[in-house]
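Beneath this line is the structure, given in structure tokens, with notes to follow.
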């Protein structure tokens, strides 16, 4: 089995490859997405350019595609309303216990689940590419069962995280901003039995 040379790209090559697929992104936007996704370079070449692998390209392509679709869906302009302060603030703003920002979305969870599934498939391909005697096949079958169990566990964890995300978003929407950086509970209180 011969070693396959991995595909590596510089930032400019990533932008070119995205452009070939109809996803036009500027350098600033590319760097913003890379920092949001926490994509780090694999290494720097002799010229000092940062090199990225195929998974970085795939993640960027997926994020740019989803953001492009979301931009097409939002057609109405967003209006910003400002309200003048009626009296000067005497006290400094203190953040509320309920003031938090959730930075995980369902699309992010889906992307993570797909990446995990791809890695599992690649590992299975590597295991089954080398065929051998019965002992090796039984060991591979056991490894396959373990990988299937891990995959099922990760799918269950993904479903659990989605449920928690929905619940957190629901709870977050129960609180509306009030003056002085505080939040006001606007939903109905649940009765506990």
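Numerical summary
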{"item": "Selection count where residues are modelled with pLDDT of 85 or more and surrounded by 12 or more Cβ atoms within 10 Å (Cβ to Cβ), scope the range 165-178", "result": "3"}
{"item": "Some residue of the range 118-125 being modelled with pLDDT under 80, farther than 30 Å from residue 150 by Cβ and loosely packed, with under 13 Cβ neighbours inside 10 Å", "result": "no"}
{"item": "Scope the range 144-191; condition over 29 Å from residue 117 (Cα atoms), in a helix (DSSP H, G or I) and either touching a strand residue (DSSP E or B) at 6+ places or on another chain (Cβ under 6 Å) or touching a residue at least 40 places away in the same chain (Cβ under 8 Å) (or both); matching residues", "result": "172, 180, 181"}
{"item": "Matching residues, the range 30-54, being surrounded by 14 or more Cβ atoms within 10 Å (Cβ to Cβ) and outside any loop (DSSP other than H, G, I, E, B)", "result": "30, 33, 34, 37, 50, 51, 52, 53"}
{"item": "One residue from 111, 89 being farther than 30 Å from residue 180 by Cβ, at pLDDT below 85 and surrounded by 10 or more Cβ atoms within 10 Å (Cβ to Cβ)", "result": "111"}
{"item": "Boolean, residue 139 is part of a helix (DSSP H, G or I), over 28 Å from residue 109 (Cα atoms) and at pLDDT 80 or above", "result": "yes"}
{"item": "Hey, residue 63 in a helix (DSSP H, G or I), touching a helix residue (DSSP H, G or I) at 6+ places or on another chain (Cβ under 6 Å) and either modelled with pLDDT under 85 or surrounded by 11 or more Cβ atoms within 10 Å (Cβ to Cβ) (or both) or not", "result": "yes"}
{"item": "Residue in the range 2-23 that is at pLDDT below 85 and under 23 Å from residue 113 (Cβ atoms) present", "result": "yes"}
{"item": "Flag if residue 147 is surrounded by 13 or more Cβ atoms within 10 Å (Cβ to Cβ) and either on the phi < 0 side of the Ramachandran plot or in contact with a helix residue (DSSP H, G or I) (Cβ under 6 Å, 6 or more places away or on another chain) (or both)", "result": "yes"}
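The values are calculated or read from the model by the stated rules, or taken from the named source; none is laboratory data. On a predicted model such as this, the values are computed, not experimentally measured, just so you know. We place every Cβ from the backbone using ideal geometry, glycine too, and count neighbours over all the protein chains shown.
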